[in-house]
Each structure stands twice: as structure tokens, then as C-alpha cells.
Amino acid sequence: MAFQALRKYTSAVSPSSIKILPEVADALLSGRPVVALESTIVAHGMPWPQNLELARDVSQILRNKGVVPATIAVKNGIFRAGLHPDELENLSHAGEEGRAIKCSTRDLPLVASKHRCLSTSDENAQWGATTVAATMRLAHAAGISTFVTGGTGGVHRGGEHSLDISTDLIELSRTPVVVVSAGVKSILDVKRTLEFLETFAVPTGTWKSDEFPAFFSPISGVKSPSKFDNAMDVASAYLTGKELGLTSGLLVAVPNHDPAGQSVETAIQESLHEAESAGIQGRDVTPFVLRTVAEKTSGDSLRSNISLVKRNAEVGAAIANSISDLSFGSSTEERMRSPRLQMPRHGSRVVCVGGAVIDVVAKSNAENEMIIGTSNPGTIHRSDGGVGRNVAEVLGRLGSKPIFYTAIGSADGGKGIVSRLENDCGVITTTKSVHIAEDSNTAQYLALLDHNSDLIGGVADMSVLSKIPIPSIEELESVDILVLDSNASVDAVTTAARNGVKAGSLVCFEPTSVPKAQLLSCSNEFMECLSYIFPNEDELFAMVKALGGKVEHDEVKDGPVEYKEVRNAASKLLASMIPGKAHAVITLGSRGVLLASRIDSLSTPEFRHFPAAFVSEIKSSNGAGDTLCGTFIHALLQGAKEEEAVRHGMKAALLSLDCAHSAISPDISTAIFKKE
């Protein structure tokens, strides 16, 4: 997740401790503005569905201004900067389901150590919902300079005796982040809050007003320490403070002019008077006032709260853009137009382009034969698939941090596929690498099996894969290896291959299926880009036939692979590939793997056969070839020669052959590279 590249942004928390959403990391590394958002308001601050609706609305407000939103939270003990939409929705339910703990700065190590070792599904994720203080600390560690919230804590009434002072103020005094809020609620002691901020040298000002706001109301009766007339004033003050070595944050209070807010403020003042008349003092004042105000105002407080958070987001976006403009010497609009700054900058050496597919397998019960034309009792299993996705998963699990390009639908599980690749496998995606098609389904394959596991029929809905985005030459300039499957159109895959060659990348091709392999092998322009190809035996002969070669498919199925037909076919395939060094890794099922290599255009191909290890039971062969391909490529990136890479790939493939419910074994790790 670009941890090393973000080290320059380090604070007391190491960036390597934070999982940064690829889109957020990409923006930070290219100098584009990012705004942090707290998670307490989503988990605990509002009822569902208003909490989720507000979170989505605020994110859209920021995006419309050219700013990347980054919700800060702790998920299953992992500090997070940026959440996937599916995770945000999960968080919105976590508070009422008892899966979210309110988390201030002091709670961060406690929540992390308590939940980090727990293995839970996404549905049962355990959350630390960060307050203003905790959000500031994690945002700064991730390199985010601007944070938008509803309101900050302050000094409670009677705080001079109880010492009841919000940690938010302490964090403002020691963490250099711009905090955009609606001020502090008038149930707190506004005047003493400002005195505290002055004592601890926190620059504080009000947005276009001389009076410090009281959260629901723009009027508190307390003069603001300073006034910010525009976003550039805030950005200049913040950056000047950094140049002076100040470690404090900067508080921008935005007045709330929503009419509903004034009725809430009136109720607050009435409640404070009632508390005083009833002799309620100290720490008992705040809960009494909150309870009484809720009774008096009905839904006004919620409506006003939603309004002020959105207004704060608009102001925060302007400030983040101004900080970015002053810091990087060009406008956000110019940086977004720059191809070099749009490209993924995660330091990844490998890019995968291909399909992400939802695989659904329905199988009738073993006790009964399948009856056609009616419903049958049985099991239905759903899993993530797609050749490009599978190879990316393998590379991610091995630590290669691949960038994955694909296309998915907007509302049928595609986002979950991407989220699992990112969160469980370390695969990198960006808004540019994943196209979300509003008018299409995520690619799906439905297989119907009888009680003997024989295929009765299947349906494939793959139309969305024609919309897979293709990486440009600029995006591939720092990439060593480009991996392609054949799920995109012939023209698109050919363009990607050409871009890879022009950028200096080695282009690898996994044919995916016999029909698709034949289509692409008819394109000389495509074939001449390939340095590595990974066909099975059927795909090999189909491709050579499409190339115009006349090769007999040998019928011998046992014994060592020494027969001339496979070698002849491999030789013809190598002859069609990139001039110079080229390799074909041909999987032959139970007979192992044949590596065919050509050192240069004039040399005779060399062959090396690798026998398959004995396997007593194959639980699934769906992802074995993709596992070999991904592991082979990872080995090349680690400096291995082709022969050694094949051995590692075959070892990893055994794990996937033993995995019944997913194409790629979750047990794949760098342990397979250790010498026995």
C-alpha cells in the first residue's frame, strides 16, 4: 500500500502501521488533495440510514471538488486510511450491532492489540470508530493534512474544577493537521475552550466571521481569535506554521447558518437554565442537557447536524486544494490533467489486466440423480474467479503488490471482489484501473453439475469485460512485467501489449480459453509483443492452428513428454512471439510442465520437462494454471531463472489443487520459496 514511499509523511505513528487505500496513496504520492473523515460520526453519531447517506454525500462533495476522501478507522485491529464503499456500509451498521468501539487517541493501541489477531468475516468486522483526536493522529501519520468533521470537543462547563477536557484539544496542540469543524457546542464552555487552545499555541480562526460559532448556531457571544477570509489564507497559515517547526494543528470553525440550528441552540440555552435551576453541576450537566435537547427539538438537531457537516466538507475541500496548490506549485486541475501524475505510483513492478468473475456452481445432491426440467436439492457455491483476478491474487499473496485493471458492475458483488483483493491479498487498484459500469453486471459464470460433478450446462455473462480499462504507456513506464488475459477485446488486449513493449515491460499472456486464445493468436501485432505465454496443451494446439501451422495433436497421454508434436507446436508458437528471448510454459495436466525457450531469433528452441508430483486427490483444478503463472512471474521479479520459476510455480499449484472452495489457495505465501 505504498508504505515505503509515504515514509516522508511519518509522525509518531509509522505509515507501515496504516493500511492506506490505493486511491488515497495514489493521490498523496502525486500531490493531489486528500481530506480525512472521522468514523465515529458514521458508527455512533447518527441513526441508520442517515449515517451512511451522509458519509456518501460528503465523499461526493469532496470528489466534485477534485479531492479524494479518506475515512479513518480501525478495522479488525488494522489502522485504515480510506475505506472501500462496502466497508463504509459495514461500518454504518457496526454501531447498532455492537461491533464498533468509540476510539480516541489513548484507545488506538488497545483496540489494535485486542482485535488484530481475530479472524472474522467482513460481515462481522470489529471496528474502532475514531474520534476527532484519533482521526487527527492517524491522518497525519498517513500524510493527510486536512480533516473535516462535525464539531470538536472542548472544555466542559465546570471544567476548571473537574478537569473534564476533551482529548481533541490535546491532539490539536501536538498534531499538525487542519481541522475544519462547526466549532464547539454551547453545552461546553466555549470561552474556556478558546483559552485552552491559546495556552497550547493552537492557531484558531473562524471562516468569514469575527465571532466563534457554537456548532448549531453561528452565534456564541465569544469573539474569534482570528478570521479566515478564504481557503488560501488557511493554507498559507498552516504551511507557515510547518516551516516554523510548529507541531500544533490549526482549527477552522465554520458557522452553521441552517435555520434548524437556531431552534436547537435555543433548546440548549433553555436546558442549561433548567440544569442550573435544578442544581445540576459538573459532569452531570452535559448528559442532562443532551437528553433534554433531544426531547425539545425532535428531528431539528439531526437535520442541522447533517447540514453543517456538508458545509464543512465544502470548506475543507477548498482548503485541501489550496494547501496542495501551494505545496506543489501547480493547481489541482493541472495536476489532474497530467498523465504522469495520474498514473499509479505505488512502486509496483507488475500490472495485471483481465477479468474479475463471480463463479457460481450448483450441484445436485449425491443421493439423487439430476432431474431435468424441475428443481433439484443440492448445494450452491459462490467464489471469486477470472484469470486476471486469479493471477493478481497469487502475486498479491506473494508480496509483489500488483496493480489490477478490470471492469465490474456497480451493484452486484463486483466491488466485493475488488475489496477482497485489496484487503486480503495486497493487490492494488485505483479508480482509474477499475471501471465500474453502471449499466452492466459484474462478469458471472454459472455452472450446473449433476451428482457426479459432471457439467450439465453453464451460462456465462461476460459482456462487462469489454470495458476493461487499458494502461497507457506512461502508466507502464516503471513496470517490469505486464500480465494479460484474453477477456478484454482483441483490439484492447493488443493495445495493452503494444503499450507494454513501448514502455519497456515484459509482456506475459495467459490464454484463458481455447476460443479466446485462437482469436488473439490470429493477430501478429499482438503475438509479436509476447515474451512469456502460459497455454495448456489444448490452447497450445489451438493457437498454432490459428497461426496457420499444421500440427497433429499427439494422442499419447502417458509417459515422459518427449514426443515431437508438442515440441513442434511450441517451436511454432515461439517463432510468432517477440524477436529475441521468448518462453512458453505449457501445462500438461498429470504429465507436468514443458518449458520451451528461445534465446534469440536464430537459435533452436530448448525444452525442459518438469514431471508432475503425485497427487492422491484433486479437489479443484480451476486455479492451478493461474497459480503457476502468478508464482512464476513473482519468481522472475525476485531474480529467479525460468527453470527455477517453473519449480516454484508447480509447488504453489499443488496448494490450489488441494483447495475445494476457491480457485486460489489462501495458503499461498512466500514459504513456498524456502528450500526444503
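The values are calculated or read from the model by the stated rules, or taken from the named source; none is laboratory data. The structure presented is a predicted model; accordingly, all values stated were derived computationally and were not measured. Every residue, glycine as well, gets a Cβ built from its backbone with ideal geometry; the counts of neighbours run over all protein chains shown. Note: areas computed on protein heavy atoms with side chains; ligands, DNA, RNA excluded. Shrake-Rupley method; radii C 1.70, N 1.55, O 1.52, S 1.80 Å.
Across region 175-180, in residue order, what do the Karplus-derived ³J(HN,Hα) couplings come to in whole Hz, using 6.51 cos²θ - 1.76 cosθ + 1.60 with θ = phi - 60° and x for Gly and Pro?
Karplus values, whole Hz, x for Gly and Pro: 10, x, 10, 6, 10, 9.
So how far apart, in nm, are the two label points at ASP439 and ILE599 if each is 7 Å from Cα heading toward Cβ?
5.5
Suppose R0 equals 60 Å. What FRET efficiency, 1/(1 + (r/R0)^6) with r the Cβ-Cβ distance, do THR374 and ARG608 give to the nearest 0.05?
Plugging the Cβ-Cβ distance into 1/(1 + (r/R0)^6) gives 0.70.
Using the heavy atoms of the protein chains and a 1.4 angstrom probe, tell me the accessible area per residue for the chain in square angstrom.
42
For VAL222, which sequence-distant residues (separation of 5 or more, or a different chain) have an amide H within less than 5 Å of its own amide H, given hydrogens modelled in the peptide plane?
PHE212
Quote to one decimal, in nm, the extra length available between ILE78 and LYS502 on full extension: 0.36 nm per residue of separation minus the C-alpha distance between them. Intermediate results must be reported in sequence, preceding the final value.
Values: separation 424, 0.36 × 424 = 152.64 nm, distance 3.95 nm.
Extra length from ILE78 to LYS502 when fully extended: 148.7 nm.
Kindly state, to the nearest 0.05, the FRET efficiency for LYS223 paired with SER113, given R0 = 56 Å and r defined as their beta-carbon distance.
Values: r = 45 Å, r/R0 = 0.79.
Efficiency for this residue pair is about 0.80.
Tell me the net charge near VAL357. Cut-off is 15 Å between Cβ atoms, VAL357 excluded, with +1 for each Lys or Arg and -1 for each Asp or Glu.
So the environment of VAL357 carries a net charge of -2.
Subtract the Cα-Cα distance of LYS641 and GLU97 from 0.36 nm times their separation in residues, and report this length gain in nm to one decimal.
190.6 nm
Taking H placed 1.01 Å from N in the peptide plane, check which residues at least 5 places from PHE216 or on another chain put their amide H under 5 Å from its amide H.
Residues meeting the criterion, in which the H sits 1.01 Å from N, are SER186.
Sequence gap at least 6, Cα distance under 8 Å: using those rules, report the relative contact order of region 377-515 to the nearest whole percent.
20
Kirkwood Rh and Cα-based Rg: tell me the resulting Rg over Rh for region 120-275, rounded to two decimals.
1.00
Between helix 537-546 and the chain, what is the angle of the helix's C-alpha long axis to the longest principal axis, kept within 0 to 90° and rounded to the nearest 10?
Roughly 80 degrees, rounded to the nearest 10.
Pull up the cross-link candidates among the lysines for LYS502, meaning alpha carbon to alpha carbon under 22 Å and not fewer than 8 places away within one chain.
Excluding near neighbours in sequence, the set is LYS432, LYS581.
Have a look at region 448-504 and give its Rg and Dmax from the Cα atoms, expressed in angstrom.
Cα-based Rg and Dmax for region 448-504 come out at 16.9, 51 Å.
Using a simple spin-label model with points 7 Å from Cα along the Cα→Cβ vector, what separation in nm is obtained for ASN524 and SER17?
Label at ASN524, label at SER17, 6.1 nm between them.
Relative contact order for the chain: what percent, with Cα pairs under 8 Å and sequence separation of 6 or more?
Details: 1481 pairs, mean separation 62.3, N = 676.
Relative contact order, the chain: 9 percent.
Give me D for the chain in µm² s⁻¹, whole number, from Stokes-Einstein with Rh from the Kirkwood sum over alpha-carbon pairs, 4 °C and 1.567 mPa s.
47
Roughly what would the spin-label model give for GLU198 and LEU326, points 7 Å off Cα along C-beta, in nm?
In this crude label model, GLU198 to LEU326 measures out at 2.4 nm.
When averaged across all projection directions, what area in nm² does the alpha-carbon convex hull of region 386-464 cover? Could you put the intermediate results ahead of the total?
On the way: hull surface 24.6 nm².
About 6.2 nm², averaged over all directions.
On a full-extension model of 0.36 nm per residue, what is the gain between ASN64 and ILE456, subtracting their alpha-carbon distance, rounded to one decimal in nm?
136.2 nm
Sorted by average packing, counted as other Cβ atoms within 10 angstrom per residue and highest first, what order do 570-578, 639-647, 103-111 take?
Numbers: 570-578: 20.9, 639-647: 15.8, 103-111: 18.2.
The most tightly packed comes first, giving 570-578, 103-111, 639-647.
At a 1.4 Å probe, what is the % contribution of carbon and sulfur to the accessible area of the chain?
On the chain, the fraction of accessible area on carbon and sulfur atoms equals 51 percent.
If you take every DSSP beta bridge whose two residues both sit in the chain, what share of them, in percent to the nearest 5, is antiparallel?
On the way: 36 of 91 bridges.
Counting only bridges with both partners in the chain, antiparallel ones make up about 40 percent.
Could you work out the relative contact order of region 585-659, using alpha carbon pairs under 8 angstrom and six or more residues apart, expressed as a whole percent?
Once divided by the residue count of region 585-659, the mean separation gives 28 percent.
Using bins 5 angstrom wide from zero, how does P(r) for region 209-285 break down, in % of all Cα pairs?
Distribution as computed: 3, 13, 16, 15, 16, 13, 9, 8, 5, 2, 0 percent.
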